[in-house]
Amino acid sequence: MTGPAAGGGRRPPAAVLCGLGTAQADLLVPNAEITERLGVADDWISSRTGIVERRRVDAETSTADLAVRAATAALKSAGTHTADVLIVATATPDHRMPGTAPDVAARLGLHGVPAFDIAATCAGLPYALQVAKGFVADNAAQRALVITADRLSHLTDPDDRRTAALFGDGAAAIVVRRGQTGESGAVGPVILGADGRHAGALVVPHGQFMRMRGREMFQHAVTRMSQAAEQAAAAAGWSLGDVDRFVPHQANARITGAVGRRLHLDGERVLDNIAHLGNTSAASILFALAHAASDGALRPGHRVLLASFGAGLTWGATTLTWPDVPYVADLSDRSHRLEAAR
C-alpha cells in the first residue's frame, strides 16, 4: 500500500451512500396477460424466471420521467436539493442525441452541473459508481447523484417467448457524498469488465425488438457475476463468509440462485425481489436494496456485496457496509391493470 493511509495518516476520500430513492412504473402486468398471448400454461413464466408480475410504463412516459421521479426521492432521502454531478445509467435513452441526463438535471433545477449518460446496460450501476467515485476522489464533486432508469418494455417483442415476460420498467437513484474510506456506506473497490466478443447474445438491432440467446446469457451471467463478486470481496479485504447480504442483478431467479450456490451463500443472504418487478435492468440492484431495507431484511451494519451483468457483455461488482439511510419511494407510484390487448 502506498500514500498517506499506509503510514496511518488520514484515509483517502470515498463516495459514501447517503440517499436512496425509487420510482416504480405505473402499469401492473401480471403473468396471466402474457401467458394468454403466448398460449402457454399459467405457471410457465414463474417456473422459469421466478417472475409473477412486472411494472411497465405507458407510451407517454419517458426514461427521463422515471429518472426525475427516482432522483427527487433520492435527494429527499439525502436531505438535499443539490448535487455537483449527475449520472444516468440507461440502455433506453429518450433520444439518440442528446443524452437523457442533461434533461433530467434541468428538470431537477441542477443547472450547469456535469450531466451525462452511461450505456453499460444492466451493469450500469457499478460503472456509474466508479465514475462517481472519481469525481469525489478528485474533489471535483462533494455530492454525486447516480440514477439508473430504463423502459425496456418498449424494446421487447410481446410474441417472443424468450423475452416477453422478463422485463419491467422503473428507475432508482442514490446520492453519494464525499467521505472517508471505512465509513459506513463507503463504496468499496469496484470491479468492472466487458467482453464484446459475445455482444450478439443480447442485442437490439436498429429499429427492431430485442433478441436474446437465453442459454448463452445464463451461462455468462452466472460465471461473470460470480467471478466479479469474488474479486470485489477480496479487494475489500472480505471473505465470502463475511458477507451478510449479496445482491445480484435481478435478471432471473434461476441465475440468482445459481450465483448464490457458486459463492456458497445460503438463501437468507441472497436478496431476490424479481417476483413483483421483473428485470428492471440497471435499476434492479437498487430496487432490491430499497425493498430489503424497507422490510428489515437489510439493516445498518450489514456487509453488502453487489454484482451485476448485462448486454455488451458487461459486468461489475462492489461492496459497502449498509448505512443508516432513509429509503424514499416516489409518492406518485400508482398501480393500474394493463389491458390484455396491449
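What follows is calculated from the coordinates using simple rules that are stated; it is not laboratory data. This one's a predicted model, so the numbers in the text were calculated from it and none came from an experiment. All Cβ positions, glycine included, derive from the backbone under ideal geometry; neighbour counts span all protein chains shown.
With +1 assigned to the C-beta of every Lys and Arg and -1 to the C-beta of every Asp and Glu, and no other charges, what is the dipole magnitude of the chain about the Cα centre in debye, to the nearest 20?
Details: 33 positive and 33 negative charges, 144 e Å.
The dipole magnitude comes to about 680 debye.
Could you work out the mean projected area of the convex hull around the alpha carbons of the stretch 159-299, in square nanometres to one decimal? It would help to have the intermediate numbers written out before the result.
Working: hull surface 39.9 nm².
Mean orientational projected area (the stretch 159-299, Cα hull): 10.0 nm².
Whole percent per 10 Å bin, from 0 to the bin with the longest distance: what is P(r) over all C-alpha pairs of the stretch 98-137?
28, 48, 24
Based on the Cβ-Cβ distance of ALA297 and ASN139, what FRET efficiency does E = 1/(1 + (r/R0)^6) give at R0 = 45 Å, to the nearest 0.05? Before the final figure, lay out the partial values.
Details: r = 36 Å, r/R0 = 0.80.
With a Förster radius of 45 Å, E is 0.80.
Would you kindly state how much longer the chain becomes between ARG11 and ASP157 on full extension, computed as 0.36 nm times their sequence separation minus their alpha carbon distance, in nm to one decimal?
Numbers: separation 146, 0.36 × 146 = 52.56 nm, distance 5.01 nm.
Going from the current span to full extension adds 47.6 nm.
Compute the distance from the alpha-carbon center of the stretch 51-100 to that of the stretch 198-263, in whole Å.
After rounding, the separation between the Cα centres reads 23 Å.
So what is the relative contact order for the chain, in percent, with contacts set as C-alpha pairs under 8 Å and at least six apart? Don't skip to the answer; put the middle values down first.
Numbers: 847 pairs, mean separation 91.9, N = 342.
Here the relative contact order equals 27 percent.
Would you please calculate the Kirkwood hydrodynamic radius of the stretch 224-269 over all C-alpha pairs and express it in Å, rounded to one decimal?
Numbers: mean 1/r = 0.0930 Å⁻¹.
Hydrodynamic radius (Kirkwood, Cα only) of the stretch 224-269 equals 10.8 Å.
Restricting the count to DSSP beta bridges whose residues both fall in the stretch 20-130, what percent are antiparallel, rounded to a multiple of 5?
Numbers: 4 of 8 bridges.
Once the DSSP bridges in the stretch 20-130 are tallied, antiparallel ones form about 50 percent.
Would you mind listing how long the stretch 52-174 runs along its three principal axes, going by Cα atoms, in whole Å with the largest first?
49, 30, 25
Quick one: what do you get for the chain if you divide its Cα Rg by 2.2 N^0.38 Å?
Numbers: Rg = 19.0 Å, N = 342, 2.2 N^0.38 = 20.2 Å.
In units of the 2.2 N^0.38 Å rule of thumb, it is 0.94.
Quick one, can you get me the convex hull of the C-alpha atoms of the stretch 36-89 expressed as volume per residue in Å³? Each step should come with its number before you reach the end.
On the way: hull volume 7.3 nm³, N = 54.
It comes to 136 Å³ per residue, whole-number rounded.
P(r) of the stretch 138-195 in 5 Å steps, Cα pairs, percent per bin?
4, 13, 14, 15, 14, 13, 10, 8, 6, 2, 0
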